[in-house]
1. Throw me the Rg/Rh for the stretch 421-492, computed over C-alpha atoms with Kirkwood Rh, two decimals.
2. How big, on average over all directions, is the shadow cast by the Cα convex hull of the stretch 551-632, in nm²?
3. Among PRO678, THR598, MET64, which residue has its Cα furthest toward the positive end of the charge dipole of the chain, with +1 on Lys/Arg Cβ and -1 on Asp/Glu Cβ?
4. Could you check how many percent of all C-alpha pairs in the stretch 1-89 are farther apart than 21 Å?
5. Rg to Rh for the stretch 587-638: what is it, with Cα atoms only and Rh by Kirkwood?
6. How many times 2.2 N^0.38 Å is the alpha carbon radius of gyration of the stretch 116-212?
7. Mean separation of Cα pairs under 8 Å and 6+ residues apart, divided by the residue count of the stretch 97-177: what relative contact order is that in percent?
8. If you take the alpha carbon radius of gyration of the stretch 513-584 and divide it by 2.2 N^0.38 Å, what ratio comes out, to two decimals?
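Just so you know, all these numbers are worked out from the coordinates, no wet-lab data involved. Everything numeric here is computed off the predicted structure, so don't read it as measured data. In this analysis, Cβ positions are derived from the backbone assuming ideal geometry, glycine residues included, and neighbour counts consider all displayed protein chains.
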Amino acid sequence: MTDRIADIWGERTPHGSGQAWPERVDQVLAEGLTDGDVDRWVQSACVLCSNGCGCDIAVKDGKMVGIRGRREDRVNRGRLGPKGLYGSWQGEDHRDRLTRPLVRVDGELVETDWDTAMGRIVARSRELLASKGPLSHGFYTSGQLFLEEYYALGMLGKAGIGTPHMDGNTRLCTATAAAALKESFGADGQPGSYADVDECSAVFLYGHNMAETQTVLWSRVLDRLDGPNPPKLVCVDPRDTEVARRADVHLAVHPGTNLALMNGLVRELFANGWIDEAYIAEHTANVDRLRSVVEPWTPEKVAETCGVEAADVRRAAEIFGTESRVLSTVLQGFYQSAHATASACQVNNLHLLRGMLGKPGCGLLQMNGQPTAQNNRECGADGDLPGFRNWENPQHVRDLARLWNVDPGIIPDWAPPTHALQIFRYVEQGSIGLLWISATNPAVSMPQLERIRHILGRDSLFLVVQDIYLTETAQYADVVLPCAAWGEKTGTFTNADRTVHLSEKAVDPPGEARSDLDVFLDYARRMGFKDKDGQPLLDWSGPEDGFEAWKECSRGRPCDYTGLSYDKLRGSSGIQWPCTAEQPAGTERLYTDARFPTAPEYCESFGHDILTGATTGETQYKATVEPGKAWLKALDYTPPHEEPDAEYPLRYTTGRTAYHFHTRTKTGRSRRLNGAAPEPWMEMSVEDAARAGCQEGDIARVTSRRGSLEVPVRVGDIRPGTVFAPFHYGYWDTPDGGRHRAANELTVTEWDPVSKQPLFKNAAVRVEKLRSGDGPSKAPDTTASRRATGAQR
């Protein structure tokens, strides 16, 4: 196999429209091993992006020693990306695992036993419940646990404690995906399928650097682009990514102006008659309002606002309006920016206006960034009610209470679920006294990190962290719980196109580490959480019990799993939900009949005012809804709250690199991946670097109104006026003894009014050179971060 650090996407296997994606099996084994040395291969799926690639784990002498893609899997046909190949399985680079619980004694974390650690948590939990009630507890989880673990967490939080203060770091990642799907269609759930890549005649990527965030899915797109009858490609991104380099149209918009662009694209469809009038009349509502809002947004006005060419706006709209089968994908460039939900809804609107849903090649993927973000949303660990139930619908609450056999009054439905940034605000104010963080690292990933560090370090907070390493966040904890990692436990997870995979336990976790599910079940038992009959609220003996319980929770809901089982998932490709007795093979695409789950008694949400975020409410929703029809939501563009000015003249945006996942908890411990991108950097255009007196590799300070970042400069292909920094890096020691801070020192504590997703893509900054570098920065030259022509030092 080729070096997949240098050749990220591997060799091409071109195919044409309507042809099956050819197989290509990628495999890596520990140095010196061959297939014959492997004791056994264990079924799993990769958890280092949201693609959900099927794989098998190689085991020898009780250790994971390699990985290979599953040839028969519908998602990847045997392929794996660099993170999956070099960062998924645990090897010699993972020596600093947590193996015993830690508790804080005299200001220091010291090892202890599980009874002592759990005893401290339970004692503090009971004390707070007795003195302050359930609102004293907050839970902040991940997009990387298994479905069964999320469901256990959702149950103990909502039916055991009764707190609305539950969310996941999916709030930072893809909360807007869920919000936009609910606003347009009435319920979460991706309408499209990865197989639409094989059928489409055009691909639009909105704020989605697929080449680095979902490398295997980009391989699939590349194989179409290099095959016969390749699809047209349109890219919206301020950077010259690999996607942009292959695009027919690259719209390098100013960060924060996505909604202006989208309003302009929708206007062009109306102006040129590129719409399906019959579909709109029969299957949508609110078209007159949409037409009125977008009417002023001519290509010239879009060009002036977004910093792009009017001709490119027209060409992009023409491609969407005239191609027969369009696939759209949306990710962080839209989700972490101003007007996030409104912009994502306009992507939905484009497909609704053309009737391009539920048909091969006519896909819509409001993408996820994490492997199990979908499960977090489905199971209610993010604050929503499990099974895509509506917290404003009393009957949904009663149904859930009946399923769990608890009093409906304990389920917190009297206010909107508390989103992550509000949870941290409640800690800051002192109303939350116990915060339980699982499998995430907010000390690096949250906005305005100086504030987050202060919150995590409050004396009034009892902080519980369960993780696999002593992360930046865990160092603030009162109790640290060592947990099993991928490959060390069994469970299921669902990727971004609703494909469910089973990941089997391959090896034992190190030392005394336990699965997250075991931790949650242990806490529920020690707390004595019971149902109305006095039976344990969570009486599961293991993950398969949890899966069977979840199936009943999902029955009849949009995310119906009742046709699935562990046995059915073993030895096969992944299966897409809904999977029922009527649809035993799963469901490739949603809304094939153009009937949408907007009926008041069934919908997941009554919707919001997408300007203010105010809920529509049951009464108004029932008075205005046309059951079965999708909503064409619309909002006029206004500039972000923080725009460049004389003091801070540049726009700052954050993002990812192909070689790291989130805060590098796993990938930073892989020698191959860390070697490819060992330290942070910031990117500037050739013009901006010259104005700042910077050359490639110089050390510069980027400063916003909230903090600063000192890193090497990469002079790259990014639009002038914009500065980019990867968000993966926490604190790192420099050769001169300094400690550099993370990219999120600079970002703002502000969020989209509907999805509550932070605006990581919008901040105003200035750049000043600190000193000359001793060579080029260590930013990758194989990705969007490559040096610009003429920028070599």
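1. Over the Cα atoms of the stretch 421-492, Rg/Rh equals 1.01.
2. Numbers: hull surface 28.3 nm².
Convex hull of Cα atoms, orientation-averaged projection: 7.1 nm².
3. PRO678
4. 29
5. Working: Rg = 12.7 Å, Rh = 12.4 Å.
The Rg/Rh ratio comes out at 1.02.
6. My calculation over the Cα atoms of the stretch 116-212 gives 1.54.
7. Once normalised by length, the contact order is 22 percent.
8. Rg over 2.2 N^0.38 Å, computed on Cα atoms: 1.32.
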